[in-house]
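The values are calculated or read from the model by the stated rules, or taken from the named source; none is laboratory data. None of these values were measured; they are calculated from a predicted model. Here the Cβ is made from the backbone with ideal geometry for all residues, glycine too, and neighbour counts use every protein chain on show. Surface accessibility is based on the protein's heavy atoms, side chains included, excluding ligands, DNA and RNA. Shrake-Rupley method; radii C 1.70, N 1.55, O 1.52, S 1.80 Å.
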Amino acid sequence: VQLVESGGGLVQAGGSLRLSCAVSGGPFSNLAMGWFRQAPGKEREFVATISWNGGTTIYADSVEARFTISRDHHNNIMYLQMDNLKPEDTAVYYCAARYFRISQADVDYAYWGQGTQVTVSS
(Lines give C-alpha, C1' and ligand atoms only; values in the text may rest on other atoms or scores of the structure.)
Protein backbone atom coordinates (compact mmCIF):
# COMPACT_ATOMS: atom_id res chain seq x y z
CA VAL A 1 0.00 0.00 0.00
CA GLN A 2 1.40 3.38 -1.02
CA LEU A 3 0.22 6.70 0.38
CA VAL A 4 0.99 10.12 -1.09
CA GLU A 5 -0.05 13.32 0.69
CA SER A 6 -0.57 16.68 -0.94
CA GLY A 7 -2.16 20.02 -0.19
CA GLY A 8 0.10 21.42 2.50
CA GLY A 9 1.35 24.98 2.47
CA LEU A 10 1.54 28.34 4.23
CA VAL A 11 -1.67 29.96 5.44
CA GLN A 12 -2.60 32.75 7.81
CA ALA A 13 -4.34 32.06 11.08
CA GLY A 14 -8.05 31.63 10.52
CA GLY A 15 -7.53 30.28 7.03
CA SER A 16 -8.21 26.87 5.53
CA LEU A 17 -6.36 24.08 3.78
CA ARG A 18 -7.42 20.71 2.44
CA LEU A 19 -4.96 17.84 2.59
CA SER A 20 -5.29 14.83 0.31
CA CYS A 21 -3.92 11.33 0.66
CA ALA A 22 -3.93 9.23 -2.49
CA VAL A 23 -3.91 5.49 -1.87
CA SER A 24 -2.66 2.82 -4.27
CA GLY A 25 -1.48 -0.77 -4.20
CA GLY A 26 -4.14 -2.07 -1.85
CA PRO A 27 -7.90 -2.45 -1.37
CA PHE A 28 -8.96 1.05 -0.28
CA SER A 29 -12.31 -0.19 0.99
CA ASN A 30 -10.56 -2.49 3.49
CA LEU A 31 -8.41 0.23 5.00
CA ALA A 32 -9.02 2.32 8.08
CA MET A 33 -7.24 5.62 7.59
CA GLY A 34 -5.77 8.26 9.85
CA TRP A 35 -4.04 11.63 9.96
CA PHE A 36 -1.20 12.35 12.36
CA ARG A 37 1.08 15.36 12.74
CA GLN A 38 4.47 16.17 14.16
CA ALA A 39 5.61 19.63 15.11
CA PRO A 40 9.31 20.49 15.52
CA GLY A 41 10.67 19.14 18.79
CA LYS A 42 7.48 17.27 19.58
CA GLU A 43 6.28 13.71 19.28
CA ARG A 44 3.91 12.66 16.56
CA GLU A 45 0.31 13.06 17.62
CA PHE A 46 -3.07 11.78 16.49
CA VAL A 47 -5.29 14.16 14.52
CA ALA A 48 -8.21 12.18 13.08
CA THR A 49 -9.22 8.75 11.89
CA ILE A 50 -11.96 7.32 9.69
CA SER A 51 -13.29 3.79 9.38
CA TRP A 52 -13.15 1.73 6.20
CA ASN A 53 -16.66 2.75 5.16
CA GLY A 54 -16.54 6.32 6.47
CA GLY A 55 -19.21 5.55 9.04
CA THR A 56 -17.04 6.32 12.06
CA THR A 57 -14.76 9.29 12.58
CA ILE A 58 -12.76 10.31 15.65
CA TYR A 59 -10.92 13.57 16.21
CA ALA A 60 -8.35 14.84 18.64
CA ASP A 61 -9.83 17.37 21.05
CA SER A 62 -7.51 20.05 19.69
CA VAL A 63 -9.03 19.87 16.20
CA GLU A 64 -12.63 18.86 16.94
CA ALA A 65 -15.13 21.12 15.12
CA ARG A 66 -12.35 22.66 12.99
CA PHE A 67 -11.10 19.68 10.96
CA THR A 68 -13.12 17.20 8.91
CA ILE A 69 -11.84 13.83 7.73
CA SER A 70 -13.49 12.15 4.75
CA ARG A 71 -12.81 9.58 2.05
CA ASP A 72 -13.67 9.13 -1.61
CA HIS A 73 -13.99 5.48 -2.55
CA HIS A 74 -14.34 6.20 -6.24
CA ASN A 75 -10.93 7.88 -6.45
CA ASN A 76 -9.20 6.14 -3.49
CA ILE A 77 -8.42 9.41 -1.75
CA MET A 78 -8.70 10.49 1.87
CA TYR A 79 -9.08 14.15 2.80
CA LEU A 80 -8.53 16.37 5.78
CA GLN A 81 -10.37 19.68 5.55
CA MET A 82 -8.78 22.10 8.00
CA ASP A 83 -10.67 25.29 8.85
CA ASN A 84 -9.98 28.10 11.31
CA LEU A 85 -6.32 27.13 11.39
CA LYS A 86 -4.19 28.22 14.32
CA PRO A 87 -0.41 28.69 14.61
CA GLU A 88 -0.30 25.64 16.90
CA ASP A 89 -1.54 23.53 13.96
CA THR A 90 1.86 24.04 12.29
CA ALA A 91 3.40 20.61 11.71
CA VAL A 92 4.22 17.96 9.17
CA TYR A 93 1.01 16.05 8.52
CA TYR A 94 1.11 12.35 7.73
CA CYS A 95 -1.58 10.05 6.45
CA ALA A 96 -1.58 6.45 7.56
CA ALA A 97 -3.48 3.25 6.81
CA ARG A 98 -4.18 -0.07 8.46
CA TYR A 99 -6.42 -2.95 7.57
CA PHE A 100 -9.96 -2.89 8.90
CA ARG A 101 -10.01 -1.59 12.48
CA ILE A 102 -10.00 2.11 13.26
CA SER A 103 -7.33 3.30 15.72
CA GLN A 104 -5.96 6.48 17.30
CA ALA A 105 -2.56 4.91 18.00
CA ASP A 106 0.18 5.52 15.47
CA VAL A 107 1.85 2.21 16.34
CA ASP A 108 -1.19 0.40 14.94
CA TYR A 109 -0.68 1.75 11.43
CA ALA A 110 1.44 -0.23 8.99
CA TYR A 111 1.47 2.19 6.06
CA TRP A 112 2.57 5.82 6.02
CA GLY A 113 2.94 8.66 3.58
CA GLN A 114 5.97 10.90 3.33
CA GLY A 115 4.29 13.87 5.00
CA THR A 116 3.26 17.35 3.92
CA GLN A 117 4.18 20.58 5.69
CA VAL A 118 1.48 22.86 7.04
CA THR A 119 2.57 26.25 8.34
CA VAL A 120 0.12 28.67 9.95
CA SER A 121 1.32 32.21 10.48
CA SER A 122 -0.08 34.48 13.17
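Just going by the charge dipole of the chain, with Lys and Arg at +1 and Asp and Glu at -1 on Cβ, which of Ala60, Val11, Gly26 is farthest out on the positive end?
Positive-end residue among those listed: Gly26.
At 0.36 nm per residue, minus the direct Cα-Cα distance, what do Asn84 and Gln12 gain on full extension? Give it in nm, one decimal, please.
Computed gain between Asn84 and Gln12 is 25.0 nm.
May I ask for log10 I(q)/I(0) of the chain at q = 0.10, 0.11, 0.17, 0.21 Å⁻¹, from a Debye sum over the Cα atoms as equal point scatterers with solvent left out?
-0.26, -0.31, -0.76, -1.17
Gaussian network model of the chain, Cα springs within a sub-10 Å range: biggest mean-square fluctuation belongs to which of Gln104, Gln12, Gln38?
Gln12
If the elastic network links every pair of Cα atoms under 10 Å, which of Gly34, Gly54, Gly26 fluctuates the most in the Gaussian network model of the chain?
Largest GNM mean-square fluctuation: Gly26.
List the trypsin sites (Lys or Arg not before Pro) within the stretch 1-73 that fall in a DSSP loop (any state other than H, G, I, E or B) and whose Cβ has at most 10 other Cβ atoms within 10 Å.
On the way: sites: Arg18, Arg37, Lys42, Arg44, Arg66, Arg71; in loops: Lys42, Arg44, Arg66.
Counting only loop positions with at most 10 other Cβ atoms within 10 Å, the trypsin sites (Lys or Arg not before Pro) in the stretch 1-73 are Lys42.
Would you work out what percent of the accessible area of the stretch 43-116, with all protein chains in place, is carbon or sulfur (probe 1.4 Å)?
Carbon plus sulfur share of accessible area: 46 percent.
Can you list the HN-Hα couplings for the stretch 75-85, worked out from phi with the Karplus curve (6.51, -1.76, 1.60; θ = phi - 60°), rounded to whole Hz and with x for Gly and Pro?
Per residue, the Karplus-derived 3J(HN,Hα) values read 9, 6, 10, 10, 10, 9, 7, 10, 10, 6, 5 Hz.
Report the residue, chosen from Val107, Val63, Val11, that carries the largest GNM mean-square fluctuation when the chain is represented by alpha-carbon nodes joined by springs under 10 Å.
In the Gaussian network model the winner is Val107.
Please identify the chymotrypsin sites (Phe, Trp or Tyr not before Pro) of the stretch 35-122 that satisfy two criteria: DSSP loop assignment and at most 15 other Cβ atoms within 10 Å. Which are they?
Numbers: sites: Trp35, Phe36, Phe46, Trp52, Tyr59, Phe67, Tyr79, Tyr93, Tyr94, Tyr99, Phe100, Tyr109, Tyr111, Trp112; in loops: Trp52, Phe100, Tyr109.
Here the chymotrypsin sites (Phe, Trp or Tyr not before Pro) that fit, given the DSSP loop and packing criteria, are Phe100.
Summing Lys, Arg as +1 and Asp, Glu as -1, what charge do residues with Cβ under 13 Å from the Cβ of Ile77 carry, Ile77 excluded?
Result for the neighbourhood of Ile77: 0.
Of all GluC sites (Glu not before Pro) in the stretch 1-91, which ones are in loop regions per DSSP and have a Cβ with at most 11 other Cβ atoms within 10 Å?
Values: sites: Glu5, Glu43, Glu45, Glu64, Glu88; in loops: Glu43, Glu64.
Hits after loop and neighbour filter: Glu43, Glu64.
At 0.36 nm per residue, minus the direct Cα-Cα distance, what do Ser122 and Ser24 gain on full extension? Give it in nm, one decimal, please. Kindly include the intermediate steps, with their values, before the conclusion.
On the way: separation 98, 0.36 × 98 = 35.28 nm, distance 3.62 nm.
Length difference between fully extended and current span is 31.7 nm.
To the nearest 20 Debye, how big is the dipole of the chain about its Cα centre, given +1 on the beta carbon of each Lys and Arg and -1 on that of each Asp and Glu?
Around 160 debye, computed over the chain.
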